[in-house]
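To keep things clear, I will list the structure first and then write my remarks on it.
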């Protein structure tokens, strides 16, 4: 029974599906004297893990903040500013620049357009009234027949 449990734990271990408690069970099993002959090849892995847990150092480490990160942020800000300025400049210079004659022609075109729209609206109102005349003629024809 124990051998089957160990084989299941090994399979789960190599798939990355074991907890720390299950890992400790495997480490203790492979560091004991009664390892099954079919599992002897896994022994060095778990013996090395037990040894690695006991290793330590007296050396102290300190991480210093480097100036590169601060400079990097400034460079990103400068690059972003340049990109925005180029975008604004491109938008400004892409707008059409009209001469005085072209501006007057555009203004006349807009006035003509507005006048034609007004005329169209009035003609549509008159056409709506014609539907009443058509209905009147149909009713009159029914009465006099």
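The values are calculated or read from the model by the stated rules, or taken from the named source; none is laboratory data. None of the values given here were measured: they were computed from a predicted structure. Backbone-built Cβ (ideal geometry, glycine too); neighbour counts: all protein chains shown.
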Exception for residue 63 within (1) over 35 Å from the mean Cα position of the chain (by Cα); (2) not in a helix (DSSP H, G or I) falls at (1)
Give segment 70-124 a look and list any residue that's touching a helix residue (DSSP H, G or I) at 6+ places or on another chain (Cβ under 9 Å) and surrounded by 10 or more Cβ atoms within 10 Å (Cβ to Cβ), or say none. 98
Need the failing condition index for residue 57 against (1) outside any loop (DSSP other than H, G, I, E, B); (2) modelled with pLDDT of 80 or more, just the number. (1)
If we ask which residues in segment 13-40 are part of a helix (DSSP H, G or I) and more than 18 Å from residue 2 (Cβ to Cβ), their number turns out to be 3
